[in-house]
Amino acid sequence: MESAIEQKLADMGHVLPNAAAPAANYVPYTVSGKLILVSGQLPIKDGQVVFKGRLGDGVEVEEGQAAAALCALNLLAQAKNACDGDLGKLGRCLKLGGFVACTPDFTDHPKVINGASNLIADAMGEAGQHARFAVGAASLPLGAAVEVEAIFHLA
């Protein structure tokens, strides 16, 4: 059964991917009470990081936003697994945290992470409004340009 979130994503031209397996010694999400904490997700599509490099050094803000949106799709895929395959059990997004691989003089981290925030808000409506942080990093796993984590609340 397709959830309202998945229908909205389809209307936006997105398909929810299969959730990626962890790349190291951690779990992709944990559930505690009504909270789902999703580990940082990279811009992975079909098993490959598709946005690599650093903002301010060849990667443009628009590419960073697309990378962040892909991270958000991967967050929702993990949340779906945490909800036993039913995103209808997802109540709201409480918080997103975004990491941007960038040069020291790059300052548009919020604009980049808006790619994830916009996708979550568009897919979840009012329940997608969330607290957030957006910070720069010298590098990210597998050379990814962006990594995003999330905390969701179960309905």
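Read-outs throughout are calculated quantities, based only on the coordinates presented, and are distinct from any laboratory measurement. In this text, all values refer to a predicted model and were calculated from it rather than measured experimentally. FYI the Cβ positions are ideal-geometry reconstructions off the backbone, even for glycines, and counts take in every protein chain you see.
The amide H of K45, built 1.01 Å from its N in the peptide plane, has V50 as neighbours under 5 Å, considering only residues 5 or more places off or on other chains.
Amide H to amide H distances under 5 Å link G136 with V100, where only residues 5 or more positions off or on other chains count and H is placed in the peptide plane. Rounded, prolate or oblate: pick one for segment 1-82, where a ≥ b ≥ c are the square roots of the eigenvalues of its C-alpha gyration tensor, a/c under 1.5 means rounded, and failing that, prolate if a/b is larger than b/c, else oblate. It comes out oblate by the Cα gyration axes. Distance from the alpha carbon centroid of segment 74-146 to that of segment 1-44 works out to 11 angstrom.
Across segment 56-71, rounded Karplus estimates of 3J(HN,Hα) from the backbone phi angles (6.51 cos²θ - 1.76 cosθ + 1.60, θ = phi - 60°) give x, 9, x, 9, 7, 4, 4, 5, x, 5, 5, 5, 5, 5, 5, 4 Hz, Gly and Pro being marked x. Per residue of the chain, the DSSP helices (runs of n ≥ 4 H) give a summed -39500 (n - 2.57) that works out to -10000 deg cm²/dmol at 222 nm. Highest mean packing comes first when the peptides 30-37, 42-49 are listed by Cβ atoms within 10 Å, giving 42-49, 30-37. Per-residue Karplus couplings for segment 145-155, computed as 6.51 cos²θ - 1.76 cosθ + 1.60 with θ equal to phi - 60°, are listed in order as 7, 8, 9, 9, 10, 8, 10, 10, 10, 7, 5 Hz, Gly and Pro entered as x.
Translational diffusion coefficient, Stokes-Einstein: compute it for the chain using the Kirkwood radius over C-alpha pairs as Rh, at 20 °C and 1.002 mPa s, and state it as an integer in µm² s⁻¹.
Working: Rh = 15.2 Å.
Roughly 141 µm²/s, to the nearest whole number.
Treating only the Cβ of Lys, Arg, Asp and Glu as charged (+1, +1, -1, -1), what charge dipole size does the chain show about its Cα centre? Round to the nearest 20 debye. Provide the component values of the computation, followed by the final result.
Values: 11 positive and 16 negative charges, 86 e Å.
Magnitude of the dipole: close to 420 debye.
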